[in-house]
1. Under the rule of at least 5 residues apart or a separate chain, name every residue whose amide H is placed under 5 Å from the amide H of residue 212.
2. Return the sequence-ordered ³J(HN,Hα) values of the range 636-652 in whole Hz as given by the Karplus equation 6.51 cos²θ - 1.76 cosθ + 1.60 applied to θ = phi - 60°, using x for Gly and Pro.
3. Across the range 548-565, in residue order, what do the Karplus-derived ³J(HN,Hα) couplings come to in whole Hz, using 6.51 cos²θ - 1.76 cosθ + 1.60 with θ = phi - 60° and x for Gly and Pro?
4. In the chain, what percentage of the DSSP-assigned beta bridges are antiparallel, given to the nearest 5?
5. With +1 on each Lys and Arg Cβ and -1 on each Asp and Glu Cβ, how big is the dipole of the chain about its Cα centre, in debye rounded to the nearest 20?
6. Taking a ≥ b ≥ c as the square roots of the eigenvalues of the Cα gyration tensor of the range 171-307, is the shape rounded (a/c under 1.5), prolate (a/b larger than b/c) or oblate?
7. If amide hydrogens are placed 1.01 Å from N in the peptide plane, which non-local residues have theirs closer than 5 Å to the one on residue 608?
8. Between residue 172 and residues 5 or more places away or on another chain, which pairs have amide H atoms under 5 Å apart, with H built 1.01 Å from N, and which residues are they?
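Just so it is clear, none of the values below were taken in a lab; they were calculated from the coordinates. These figures come from a predicted structure and were not determined experimentally. Backbone-built Cβ (ideal geometry, glycine too); neighbour counts: all protein chains shown.
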Amino acid sequence: MSDLDTRIDPFMSRVIAAIEAHLEDEAFGVAELAEEMSLNRSTLLRRVKAGTGLSVALFIRRQRLRHAKEMLRDSSLTISEVAYQVGFSSSSYFTKCFREEYGYPPGEEGNQQTAEIPAASSLESPLESPLLSAASANWRTIALLGGIFLVAAIGFFIWWPSDTKSTVVPKTIAVLPFQNDSQDSSNVYLINGLMVAIIDNLHQIKGLQVTSRTTVERYRGGSRTVPELAAELGVSYFVEGSGQKIGDQILLTLRLIDAQADTLIWSRRYQQETTDIFQLQTEVSTSIAREIEVFITPEEQERLKLPPTQNLLAYDHYLKGLEQIKEENREGLIAGISSFQQAIAEDPQFAQPHAYLAISYYFLDLFQADQSHLEDINTYADKALLLDPDLNESLIGKALYYMQAGQYELAIQFFQKVLAQSPGSGWTHNLLSAIYSMHLPNAQEYLRHAIQGIPYAVAGQDSATISFAYLHVGNALAQNGFLAEAESYVEKSLRYQPDNLFAEMLSIYTQMGKTKDLDLVYERLQSLLAKDTTFLATLQEIGKIAFYRGDYEAAWGYYRRFLELEQAAGMDVYPGADINIAYILEQLGQPEEASLYWEAYHSYLEKDESIYRDLGYAVYYASQGQVDRAIASLEVFSEQDGYQYWFVMFIEEDPGMNALADDPAYARIIARIKKKFWDQHRQMRAELEGEGLM
């Protein structure tokens with residue numbers, strides 16, 4: 001032991017001695033040190049933190065690096081040999097850690113030794129504060145740090161979240177699909193079920209942000225490297241696993257990986273009786289959390305110990321059901337529903353199969369033209385909530401019922417409860433973004449959830465799906481006036497699918513948002529239409545731009561073709577276009593035909609529950625020459641929040657609003673609408689930047 005170590009309190013001397021005794025053992029980590037010291041982990045963490053200001057894992061690493069520093073002064077040892085002797089199996093990771101600790105690579109240790117200030121050696125300590133370390137730095141280093149500090153200080157005010165209720169950043173982890181080590185494929189559901197149970201357990205620990213099972217399943221059988229997966233999923237840790245069932249024994253091998261460094265943290269092999277499967281799940285989940293130093297509250301610990309059911313046969317049926325619905329097709333859903341019902345027959349108080357029955361029936365209806373399972377969804381979701389009101393799947397089941405019933409405000413409430421427990425639930429963010437984009441339009445909420453859901457929307461998907469996922473975010477950004485940011489996502493969308501016509505259209509409109517050049521947009525839309533003359537979206541948009549340009553003959557030509565194709569397909573996808581068509585027909589001297597579209601649009605407005613209803617009435621009344629009613633409706637619309645940039649940009653271009661041009665109130669209201677939009681735009685940017693989402 002060095003002279004330094006003898007000056008530390010006796011407890012820390014024992015800690016250092018224990019670490020040095022296992023210096024070459026890469027697997028010697030926090031758990032092993034706690035066992036060596038005959039302490040529980042929480043006591044060890046508290047005492048080391050009090051004595052050093054460091055976490056246990058960081059203190060162990062510093063001890064390894066301090067010894068490495070001394071060994072590197074012996075020129076007979078290579079960097080790889082030194083790394084191995086102090087417990088680093090990866091020389092590249094060792095180099096990274098060494099550089100972070102000392103500010104230069106291990107290969108320069110010899111040069112550094114000759115340049116050291118003699119007095120500095122007496123200060124060298126794994127326990128010294130950053131201020132003591134800085135005392136030995138030369139003036140250039142101090143100047144450099146001063147510059148960095150200035151930049152960091154500026155960045156603090158730009159990026160720091162406005163909500164400072166909690167400064168604890170959850171650690172991020174993904175449990176990758178487990179592999180079946182047995183030749184018997186009938187046991188796959190059991191191994192996959194263990195993976196699901198571990199994910200569910202980790203979800204219950206607030207200090208962890210866990211990638212959802214639906215996301216990680218997309219990587220089953222994939223060939224991506226750990227760094228590639230880390231970049232896609234944005235996580236710090238991975239759990240890999242494989243296992244098999246032999247008789248009444250479960251054999252499970254797990255590996256915990258530092259995703260950023262691509263290094264193994266620990267590897268464990270478990271062997272348990274199948275009757276102890278719940279104990280195994282709890283032990284694994286707890287070990288993972290503690291190894292990466294995530295605090296588990298007593299309440300969370302008790303919940304982890306609580307088995308979902310005491311009936312192993314019921315649990316077996318439940319695991320089979322999970323495996324069956326994973327196929328994501330009608331046959332798999334029907335098979336899964338049967339398994340979940342068998343689980344409930346064995347244990348009627350088992351919450352999970354009730355929740356998954358609600359979820360399965362929701363998706364089963366999506367495969368059918370006749371949606372007949374609304375009451376089934378509600379019944380099973382309510383039973384799941386009664387049995388376990390905190391279970392994410394119970395909350396999701398009820399949210400899906402409200403989505404199916406068209407009660408989107410209530411669906412949002414239940415999805416928000418899920419996010420309160422599991423902020424990283426990408427599936428939930430994507431469902432919310434769908435609600436806010438289509439059912440209850442709110443451009444700001446649409447953007448917030450689209451950005452948070454994008455890592456999960458693109459994970460492991462095919463090129464076409466990824467293209468539309470990026471387009472989804474680009475559209476949300478554009479709706480909020482973030483045109484430059486939207487363009488970057490449109491470019492990503494087109495890289496994955498160059499013939500994505502929706503992405504090309506959004507690209508045209510983001511350019512128009514900058515130039516306000518309707519003639520250029522008209523030309524580009526004509527070029528886009530030439531690629532597919534039957535594409536309804538392009539026909540509708542080019543008809544609208546011709547309408548805004550006052551070219552009613554051309555506008556009617558495009559709209560007429562649009563209506564023919566829409567009717568032939570039995571669709572009604574753009575009911576809002578009826579008012580443009582009505583106005584165009586009036587201008588072309590076809591009042592009788594126009595009246596049909598005026599009536600259709602008015603009927604559409606009566607059913608519209610979105611924030612744009614009053615804007616629609618304003619245009620409708622203005623087109624009819626009812627100026628006072630139009631102004632009153634526009635006034636009501638101006639009080640709304642979260643409207644799209646496109647409405648702000650086009651509202652004065654609409655010929656239907658010409659009747660309001662001479663009314664003083666019109667200019668005042670338009671100015672208020674624009675000011676409110678851009679004020680909210682700036683606030684939204686600040687919030688998203690503060691949350692690290694932009």
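1. Excluding prolines and chain starts, which carry no amide H, the hits are 426.
2. Computed from phi, the couplings for the range 636-652 are 5, 4, 5, 7, 6, 10, x, 7, 7, 4, 4, 5, 5, 6, 9, 4, 7 Hz.
3. Rounded to whole hertz, the list is 5, 7, x, 8, 6, 4, 5, 4, 5, x, 6, 5, 5, 5, 4, 5, 4, 5.
4. Of all bridge pairs located within the chain, approximately 70 percent are antiparallel.
5. My answer is approximately 1740 debye.
6. It is oblate, given that a/c is not under 1.5 and a/b is not larger than b/c.
7. none
8. Result for residue 172 returns 209, 236, 237.
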